[in-house]
Structure formats: structure tokens, C-alpha cells
Amino acid sequence: MATDADEAPLLAEEPLRPGSCSRELELREFRDRYVIRSIDGGGAFAVSRSNGSLRPLSAEEAASGSDYKVSKIFGVAGVIRLLAGSYILVITSQKDAGSYLGSPVYSVNSMKFLCCNEAIKHLTSQEKRDEAYFMSLLRIAETTHGLYYSYDRDLTLNLQRASKLVAGRVHKPLWKQADPRFVWNKNLLEELIEAKLDEFIIPLIQGSFQTAQFTLKDAPVRITLFSRRCNRRLGTRMWRRGANLEGATANFVETEQLAEYEGLMSSFIQVRGSIPLLWEQIVDLSYKPQLSIVEHEEMPKVVQRHFRDLSQRYGETVVVDLTDKQGDEGNLSNAFAAEMEKIPNIRYVHFDFHQICHGGNFENLQVLYNQIEEDIQKQGYFLINSKGEILLEQGGIVRSNCVDCLDRTNVTQSFLARKSLDVQLQRMGALSSSGSISQSDDINDTFKKIWVEHGDELSLEYAGSYALKGDLVRYGRQTLPGLIKDGMSALSRYYLNNFHDGVRQDALDLISGYYAVSKSVSSPFQIGGFESTTYLPVASAIIVGGITATTFTLSQVGRNAQHFITSIICAGLTAGMVALVKANGKQFCSKPRLCGLI
């Protein structure tokens, strides 16, 4: 892979462009093999159901055979090899998400792993148990949120990077054009690449893709909001925090906002990412687990590596830290600020979002903007005309973070994006020199809507729930329905983070290649400790039963004094069980089996 108004989709019968992928595929399921054949004039290949071996087919071979089940699929997302054989991930349904630079973009609606695991009958009982667990992780991977792709456009590069590369690169297969950082299925493509099945190899991007259109001066303005999630520290909210030793951070997302008007196209880039220190926040049944910084001699180098990479890719960097100055967040923020003092040519700005925007006053972000306005104006944005001539370039980025890089970060990025969009539309002639999209309620609401949906999608991918503080983006203040929605989302996050995300983290580690399946590697079930999934329901039942029994016997105390003693015993047992669960909270939570904390 490289390091570096919607148009109608092309008709299925059109021949493939150089570098593009097959758009519609036919899946034939024989007893001994799968055959995947391009409907739009491309090739075909077979997959053995016994061992998963891949073999290109001629047109005659692809058309031969009988007694098979046939279905339509929309792409092959990759291959993963487990203990019993291979599993082929195919896209079974899609949705039209819009277009990017004139090419149709699709979102993955559903996926399915095809099993090529007949060797499972030769596994030991322990290996069968392991394989069953791995297969359960594949089922989780099938439900991954926010995957996007195009058949004839590399979606991993933003407009500025793509415009500065040589024109000949578009004739290469899509996987060779792509930036590997943003290919969600990078690890799954290796066997397809080795088999030289270029026309079937579709890079998937995880993130968010939103489009909107409105009118200014009787001409349409098209806005595209496209976020690309980095795969170098892929994970869930509580099990992937901070940075790894290479400087890659959790929840690192590049967000590009495009504007098109009268033959001109502009692009404005922002990034978000976890605080690039070595730190963790292990779930323990508490609502807000303790943040702890990992003492490591490499810490200064980790921070340096992270910002060296950012500077090389994006230019001048301004860091906006939105964390609190009190409590655990304050300790983390202070440690971050101390490390940033050691790094030259990077501006660090702390903005206590909760304190300054207290009460849901979104417009108080103007205080932050006033501090960094000069930097943003200097960094600028990218602008290109219909002839492909570059008129302006963006010379740097703002890197925003809170603790999760979700709610506060999304509110802040939407504010900065709106400010930049006003400047871009003024330059294009769509607005007067003092004009703003906020002067039109309809246009402003349209802009806010795509940012709210963008925040929700990124939050679902990392935390498993919708974003909080969506009201601040949509209305500029908190509303009662918004508070209720935030409360439900917060409860959902609590449940998922404590009781589900360990398994979800395993699924991500498996498909991204951080955990390599091998018979020489010890079973993930040989790890010590008890099963939280077994003991937690028992403990919960005892607690609920104890509370119920205590309440019932207390109500009977007036009739029989013996009930009072029973109440005391039940209350004592209940309190003891609550204390036991609280003291061993980490043991009762869902934990990753495959890689743990990395």
C-alpha cells in the first residue's frame, strides 16, 4: 500500500476502469468450493471449502459446474486464517452514502464470513473451544459500524494529498493507492494480495461520511464531512487509551470537511486522538474508573514520535486539550502539558471545556477560537478549481482531544469547522466578506445536523453508544430531551464498557492482526482467573435477592420478631456481597483475552 449534486453510479455492464474494483459479484456455493465471479466483465476465483486456498479462474472454469446455491454480493473484504481453516469476509448488502470527488461511495450494510474450516473435525477439544471463541469474534466483526468504500476512488487520501500525487497512480489497484493507516481491513487483504486478485480487493475505511446541500446566491453549495479512523491503535473506549510505544494513539481520526461551489472545491482538515502518553483506565464497575499514568522511560520519546509523525504529515500543529484541570483528568492534563513543554514548534493550548462552557453554553468556545484564530488563519485551507489548479494549501492542523476524544472534541471541532467554512465560502464568493452560514437558520441547522450525525457515528465505533452533548452542536445549548438522551447513552456506555467491550476488543485485535492465531500459541482460555460472565450473574442474583428478602422481612417485623433477625441476616449477606463485588470490580468486568493492554 502507498504511504502516502451526486453523480449517478456507473452501470454494472460498463467495463472496469484501470485501478477500479468489480462492483457486483456473484457468489456460487458448491459443496467443495466457493466461486466468486464478477458480473461486470471482470474475472473470477475459487476458494476451497476444505482449506481456504485461493485460485484464479478462467471464464470457462467460472461458468462450469452445477448443483450450487447462487447469491449476489458487493465485495470481498478479506480473508482470515484460524485454527481450522480460512474464513472469507464478503459484503452482503450496501447503502448508497453519496459521492466523493465524483465517485459513488457506499456504506457497508451487512457482512458475512464464509467458512472454509472442514479441518475442524481434526482439532483437539481445546482447539475446538478456541475456534468456537474465534468464530464468535468474527460474528462481532460482521456487525462493525461505519465502514465505507468506493469501487473506483481511493478514499484514504484527503483532497490535498490526492491532488499533489502523480496522475498515474489512479491506474494502480486501489489497495496500492491507499494510505495503510486508514484501511480498516488491511490485515484481511494479505491473502488476496498474495493471490494477485487485485480487482476484488476493496479497502474499507472506518469513520463517518455525511453530505448536505444548500443554496447561496442561487447556486448549490455541497458540504461533505468525511472522517477516517486510523488502524494503528484500533480498539474500544476503555481498553485502548493513550499511545503505544511507537506513538500511535487510540481513537485517532482525520476529519475532512469539503465545500463545493461554482467549480471551486475547498478542504479543511482537523485531527483528534487520545492524549499521547502511556496511560490506562481499567474498568472496575465504577462509573468513572481511575485514570493512571504508566511510568515508563520511553514516555518522552513516545510523545516526540507522535508529534514528529503529525508534523511530517500535516505541517504546523496546534494542540487543543479540552480536559478538566481537576481530579484524575487534571493529573493527566498536567502530565501532558509538561511533556509538551519539551517539544519545540508545537503550540499547546489548554481549554477547560466543562468549566468554560458550563451550563451547555456552546458559544463560549469563542474564547478558545480567539486564542488560536491567528494560527488557524495561518494554517488556512486547501482550495482547487475545476481545472485541477491548486489555489491555496492548508499548511497545518489543529489536533483536539478530551479524554475519550468524542463528545467535547466533536463540539469543538464543529465550531472550528464552521468558522473555517465561513472563510472558505467568502473566498469562493458564496458569502459576503462579513457573511456567515449562521445568519441563515436553515443552512446553520443543516450544517449542525451533519456534525451531530458524524459525532454519533464515531462514538458508536469507539464507545458503543451515541455521542453526548449533541444538543450543544445542534442548538448551542442543552435541552431536556438532550439530557435524557445523554443519560441513556451514558448508561449504555457504562454497560458496554464494563460487560461487553473486552470481547469486542478481542474481535478488533483478531481481525486487525494484533493477535495471530497459531497452534503454537497457548489457548486464550488458559489464562488464570475466574470467568466474569459466570460469576457476575450469580453475584447480581444474590444482591437482588438479598435486597428483596430484606425488604419483605422488614415489612413483616410487626407480626413476628423473628423476621427482624432474618432481615438483619439478609441485609448483612447483601452488604457483604456488594462489598465483595465492589472490592473485586475488575474481576467481574469483561476483559480482553487475546492481547490485553497494549
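Given the conditions (1) within 18 Å of residue 402 (Cα to Cα); (2) small (Gly, Ala, Ser); (3) open to solvent by less than 10 Å² (accessible area, probe 1.4 Å), report the number of the one that residue 292 does not fulfil.
So residue 292 meets the others, but not (3).
Can you report the number of residues in segment 139-149 which are over 18 Å from residue 463 (Cα atoms) and open to solvent by 10 Å² or more (accessible area, probe 1.4 Å)?
Count: 2.
Hey, among the residues in segment 329-368 that are in a loop (DSSP other than H, G, I, E, B) and of a type in the set (Asp, Glu), which one's nearest to residue 452 (Cα to Cα)?
Among those that are in a loop (DSSP other than H, G, I, E, B) and of a type in the set (Asp, Glu), it is 352.
From the list 324, 375, 309, which one is at pLDDT 95 or above, among the acidic types (Asp, Glu) and part of a loop (DSSP other than H, G, I, E, B)?
After ruling out the rest, the residue left standing is 324.
Could you identify the single residue in 249, 317, 236 that is closer than 21 Å to residue 376 by Cα and polar (S, T, N, Q)?
Result of the check over 249, 317, 236: 317.
For a quick check of your reading of the model, give me the residue pairs whose first member lies in segment 453-472 and is modelled with pLDDT under 95, whose second is part of a helix (DSSP H, G or I) and of a type in the set (Lys, Arg), with beta-carbon atoms closer than 6 Å and at least 6 apart or on different chains.
Final answer for the pair search is 463/493; 465/493.
Tell me whether segment 553-571 contains one or more residues that are at pLDDT 80 or above and either of a type outside the set (S, T, N, Q) or closer than 29 Å to residue 123 by Cα (or both).
Looking for residues that are at pLDDT 80 or above and either of a type outside the set (S, T, N, Q) or closer than 29 Å to residue 123 by Cα (or both), one finds none in segment 553-571, hence no.
Sort out which residues of segment 124-145 are of a type in the set (Val, Ile, Thr) and over 18 Å from the mean Cα position of the chain (by Cα), and write them in order of number.
Of everything in segment 124-145, just one residue is of a type in the set (Val, Ile, Thr) and over 18 Å from the mean Cα position of the chain (by Cα), namely 124.
If you check 449, 387, which single one turns out to be surrounded by fewer than 22 Cβ atoms within 10 Å (Cβ to Cβ) and assigned to a helix (DSSP H, G or I)?
Of 449, 387, the one residue that is surrounded by fewer than 22 Cβ atoms within 10 Å (Cβ to Cβ) and assigned to a helix (DSSP H, G or I) is 449.
Quick check: anything in segment 308-319 polar (S, T, N, Q), closer than 30 Å to residue 495 by Cα and either touching a Phe, Trp or Tyr at 6+ places or on another chain (Cβ under 9 Å) or open to solvent by 40 Å² or more (accessible area, probe 1.4 Å) (or both)?
No: zero hits.
So which of 398, 403 is part of a strand (DSSP E or B) and open to solvent by less than 20 Å² (accessible area, probe 1.4 Å)?
It is 398.
Surrounded by 17 or more Cβ atoms within 10 Å (Cβ to Cβ) and at positive phi - does that describe any residue in segment 166-181?
no
Read through the list (1) closer than 30 Å to residue 494 by Cα; (2) open to solvent by 10 Å² or more (accessible area, probe 1.4 Å), then give the number of the only condition that residue 412 fails.
(2)
Assuming residue 352 fulfils every condition listed in (1) open to solvent by less than 50 Å² (accessible area, probe 1.4 Å); (2) closer than 20 Å to residue 278 by Cβ; (3) acidic (Asp, Glu) apart from one, which condition is it?
If we test residue 352 against (1) open to solvent by less than 50 Å² (accessible area, probe 1.4 Å); (2) closer than 20 Å to residue 278 by Cβ; (3) acidic (Asp, Glu), just (2) comes out false.
Can you give me the ranges of the strands (runs of 3 or more DSSP E) entirely in segment 32-98 with at least 3 residues that are open to solvent by less than 60 Å² (accessible area, probe 1.4 Å)?
Filter on segment 32-98 gives 33-38, 44-48, 75-81.
So, in segment 213-227, how many residues would count as being of a type in the set (A, V, I, L, M) and surrounded by fewer than 18 Cβ atoms within 10 Å (Cβ to Cβ)?
The qualifying residues number 1.
Being over 26 Å from residue 241 (Cα atoms) and touching a helix residue (DSSP H, G or I) at 6+ places or on another chain (Cβ under 8 Å) narrows it down to one residue among 390, 346, 356; which is it?
390
Which residue pairs have Cβ atoms under 7 Å apart, sit 6 or more places apart or on different chains, and have a first residue in segment 177-188 that is farther than 11 Å from residue 157 by Cβ and a second that is buried (at least 23 other Cβ atoms within 10 Å of the Cβ) and at pLDDT below 95?
Listed by first residue and then by second, the contacts come to nothing, as the list is empty.
Between a residue in segment 257-269 that is in a strand (DSSP E or B) and any residue that is open to solvent by 10 Å² or more (accessible area, probe 1.4 Å) and basic (Lys, Arg), which pairs come within a Cβ distance under 8 Å, given they are 6 or more apart or on different chains?
258/222; 259/222; 260/222; 261/222; 266/427
Can you confirm whether residue 362 is hydrophobic (A, V, I, L, M, F, W, C), closer than 27 Å to residue 479 by Cα and out of contact with any strand residue (DSSP E or B) (no Cβ under 7 Å at 6 or more places or on another chain)?
yes
I'd like the residue in segment 357-372 that is modelled with pLDDT of 95 or more and more than 28 Å from the chain's Cα centre (by Cα) and, out of all such residues, is surrounded by the fewest Cβ atoms within 10 Å (Cβ to Cβ).
370
In segment 320-338, what residues are open to solvent by less than 20 Å² (accessible area, probe 1.4 Å) and charged (D, E, K, R)?
Across segment 320-338, the qualifying residues are 321, 329.
Considering every residue within segment 115-138, establish whether at least one is open to solvent by 50 Å² or more (accessible area, probe 1.4 Å), within 30 Å of residue 226 (Cβ to Cβ) and either touching a helix residue (DSSP H, G or I) at 6+ places or on another chain (Cβ under 8 Å) or of a type outside the set (Ser, Thr, Tyr) (or both).
no
Only one of these conditions is not met by residue 486: (1) among the acidic types (Asp, Glu); (2) at pLDDT below 95; (3) in contact with a Phe, Trp or Tyr (Cβ under 8 Å, 6 or more places away or on another chain). Which number is it?
(3)
Read through the list (1) within 29 Å of residue 302 (Cβ to Cβ); (2) in a strand (DSSP E or B); (3) among the small types (Gly, Ala, Ser), then give the number of the only condition that residue 247 fails.
Here residue 247 clears every test but (2).
The values are calculated or read from the model by the stated rules, or taken from the named source; none is laboratory data. The shown structure was predicted, so the numbers you read here are calculated from the model rather than taken from an experiment. Counting neighbours? That spans all protein chains shown, and the Cβs are built from the backbone with ideal geometry, glycine included. Remember, those area values only see protein heavy atoms, side chains included, never the ligands or the DNA or RNA. Shrake-Rupley method; radii C 1.70, N 1.55, O 1.52, S 1.80 Å.
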